[in-house]
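Some notes on the structure that comes next.
No lab work stands behind these numbers, since they all come straight from the coordinates. The model shown is predicted, which means the values in this text are computed figures rather than measured ones. As a convention, Cβ positions derive from the backbone with ideal geometry for all residues, glycine included, and neighbour counts pool all protein chains shown.
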Amino acid sequence: MTEILQPSLVLAPARTAFFLDVDGTLAEIVADPQQARVAPPVRDVLHRLALGTGDALALVSGRSLAQIDRMLAPLILPAVGVHGLERRLQDGAVTRFDYDAQAHAGLVAAVTDFAARHDGLEPDPKPGAVALHYRKRPALAAQCHAFMQGLCEADPALSLLSGKMVLELIYGRQTKGEAVQSLMQQPPFAGRIPFFAGDDVTDETGFAAVNRMGGLSVKVGEGATAARYRVADIAALVHCLDLAARQGAPQREQSQRRDVS
Ligand SMILES: [Mg+2]
């Protein structure tokens, strides 16, 4: 059963590890995915929360690290991109799972070609993956699905993920849940209570992982979910994060701030 997350629920920054999806969780979903941005007041809350937790905060997104950074600019936060395929933690070093670059280039070309033949479809190449957005042409959902499914079946190295008005082919079997579980083994996350917030189907693996670890899983918005808690919208989630950040303020000078100008 999913309860409403009450802002009074104490999220102690020193004891919590925050894992946050980006689109639909921290940033409004817009017609053109390339135009989506994290609003400056939300960015400020994330910055303060990262400081208050000693960087025990990671964005966990289907987007690439480059796209995540663009959405939060000039703030750079620890992040897991492409559903776990790319990782950049507090030391700033980027790790990526291996994939066949030549096969990936062929896959990107196939999806780009398909999109070019259907007005309004947007191909979205990323390291080790390619997404196809059909937000502007919802009537093409079934056709897009059949096309992406066909590509997936042709290469056993691929997985097909579906989200809100988007389908994605990714090399490997990484999931947000697996990423969260592996981050929880290492500093500064280890030993804390995991908190994971997300809005989409691909976040369900994250909710399940956090539930197994006795943490707090939070679904943003409507829809069936394994999450234990729910908030109505982005503003309600950010309000809870802001309260947590305010509690974390005294730790500020110990944490490592990394942002670019
Ligand atoms: Mg999302």
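Taking amide H positions as placed in the peptide plane 1.01 Å from N, state which residues far from ALA157 in sequence (5 or more) or on other chains have amide H under 5 Å from it.
Excluding prolines and chain starts, which carry no amide H, there are no hits.
Residues with amide H under 5 Å of LYS126's amide H, sequence separation 5 or more or different chain, H placed in the peptide plane at 1.01 Å from N; which?
ALA131
Explain nothing, just the number: relative contact order of the stretch 89-248, from Cα pairs under 8 Å at least 6 residues apart, as a whole percent.
Here the relative contact order equals 12 percent.
Pick out which of GLY54, GLY177, GLY163 has the largest mean-square fluctuation in a Gaussian network model of the chain, springs linking Cα atoms closer than 10 Å.
Of the options given, GLY163 has the highest mean-square fluctuation.
Hey, what's the per residue convex hull volume over the C-alpha atoms of the chain, in cubic angstrom? Spell out each step's value before the answer.
Numbers: hull volume 32.6 nm³, N = 261.
Cα-based convex hull of the chain, divided per residue, equals 125 Å³.
Amide H neighbours of ILE193 under 5 Å, counting only residues 5+ apart in sequence or on other chains, H built in-plane at 1.01 Å?
THR16, ALA17
Would you mind giving the three semi-axes, in whole Å and largest first, of the ellipsoid equivalent to the stretch 152-254 according to its Cα gyration tensor?
Numbers: eigenvalues 158, 67, 29 Å².
Values for the stretch 152-254, descending: 28, 18, 12 Å.
At 222 nm, what helix-only mean residue ellipticity would the chain give, in deg cm²/dmol to the nearest 500, using -39500 (n - 2.57) for each DSSP H run of four or more? Kindly include the intermediate steps, with their values, before the conclusion.
Values: 7 runs with 83 residues, N = 261.
Helix contribution divided over all residues of the chain: -10000 deg cm²/dmol.
Hey, got the dipole for the chain? About the Cα centre, +1 on K and R Cβ, -1 on D and E Cβ, debye to the nearest 20?
Computed charge dipole of the chain: roughly 620 debye.
Based on the mean of other Cβ atoms within 10 Å per residue, sort peptides 100-106, 222-228 so the most packed one is first.
Working: 100-106: 12.9, 222-228: 16.1.
Order by mean packing, descending: 222-228, 100-106.
Treating only the Cβ of Lys, Arg, Asp and Glu as charged (+1, +1, -1, -1), what charge dipole size does the stretch 144-237 show about its Cα centre? Round to the nearest 20 debye. Working shown, then result.
Details: 8 positive and 10 negative charges, 89 e Å.
Roughly 420 debye for the stretch 144-237.
Tell me the relative contact order for the stretch 101-171 as a rounded percent, counting alpha carbon contacts under 8 Å between residues six or more apart. All intermediate terms of the calculation are to be shown ahead of the outcome.
Details: 94 pairs, mean separation 19.0, N = 71.
This gives 27 percent for the stretch 101-171.
For the stretch 1-135, what is the relative contact order in percent, using Cα pairs closer than 8 Å and at least 6 residues apart in sequence?
Relative contact order for the stretch 1-135 comes out at 17 percent.
Trypsin sites (Lys or Arg not before Pro), restricted to the stretch 54-130: which are DSSP loop and have at most 14 other Cβ atoms within 10 Å? Each step should come with its number before you reach the end.
Working: sites: ARG63, ARG70, ARG87, ARG88, ARG96, ARG117; in loops: ARG63, ARG117.
Sites meeting the loop and neighbour criteria: ARG117.
Would you kindly derive the ³J(HN,Hα) couplings of the stretch 74-80 from the backbone phi angles with the Karplus curve 6.51 cos²θ - 1.76 cosθ + 1.60 (θ = phi - 60°), listing them in order in whole Hz, with x for Gly and Pro?
x, 7, 10, 10, x, 8, 10
So for the chain: antiparallel DSSP bridges make up what percent, rounded to the nearest 5?
Working: 23 of 43 bridges.
So the antiparallel bridges amount to about 55 percent of the total.
Please express the Cα-Cα pair-distance distribution P(r) of the stretch 101-171 as a list of whole percents, one per 10 Å bin, running from 0 to the bin with the greatest distance.
Bins of 10 Å from zero give 22, 60, 17, 0 percent of pairs.
Counting residues in the stretch 1-154 as N, plug N into 2.2 N^0.38 Å and put the Cα Rg over that result. Provide the component values of the computation, followed by the final result.
Numbers: Rg = 17.8 Å, N = 154, 2.2 N^0.38 = 14.9 Å.
After normalising by residue count via 2.2 N^0.38 Å, the value is 1.19.
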